[in-house]
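FYI, it's all coordinate maths here, none of it is from the lab. Being a predicted model, the structure only gives us computed values, none of them experimental. No Cβ is skipped: glycine too gets one built from the backbone with ideal geometry, and neighbour counts run over all protein chains shown.
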Amino acid sequence: MLSALTERPMHGYEIIGVLEERSGGRWRPSAGSVYPTLQSFEDEGLVTSEEVEGKRVYALTEAGRAAAAATPAPQVWVDEEDDRLRRAARGLMAAVQQVGLIGSDAARTEAYAIIDETRRRLYRLLADDEPGSGTPEDTTEEDIGPDDGEESEE
């Protein structure tokens, strides 16, 4: 948000628009996150605010300009393949939620096994030099990282 204010003083909804535009429409922060953050910035002396034509407009202080210059630009998923992966993950989560809400006990048990196997295979992709050469059967707990607290049904 500080980087958006380097352009000019803005009110919160303008900042939201700038951030959405910079992300190519992939991210639109909510007013419920922007305004508390702006208040924190003001409390920290990074921005000042004043009422202009009925809207609270925020401007960077010198400390805010220094903080904005020192903050690296956020990385955004702009690659088409990355975006496909993110959409697929959202679709998967929607299906998982539906199974959790309306699936039978047997369906939830099978869904857990599918998710657990898929998680292991994804970590194997990262661990292997040649994707596709690993199998869930030879994946160890060290390969998959910290346990999520659930017991595997293997």
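Values computed for the structure shown
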item: Coil-residue chymotrypsin sites (Phe, Trp or Tyr not before Pro) of the stretch 1-64, DSSP, other Cβ within 10 Å capped at 16; result: Trp27
item: Ascending count of other beta-carbon atoms within 10 Å, so fewest first, for Leu19, Leu60, Leu125; result: Leu125, Leu19, Leu60
item: Cα convex hull of the stretch 2-70, projected area averaged across orientations, nm²; result: 4.6
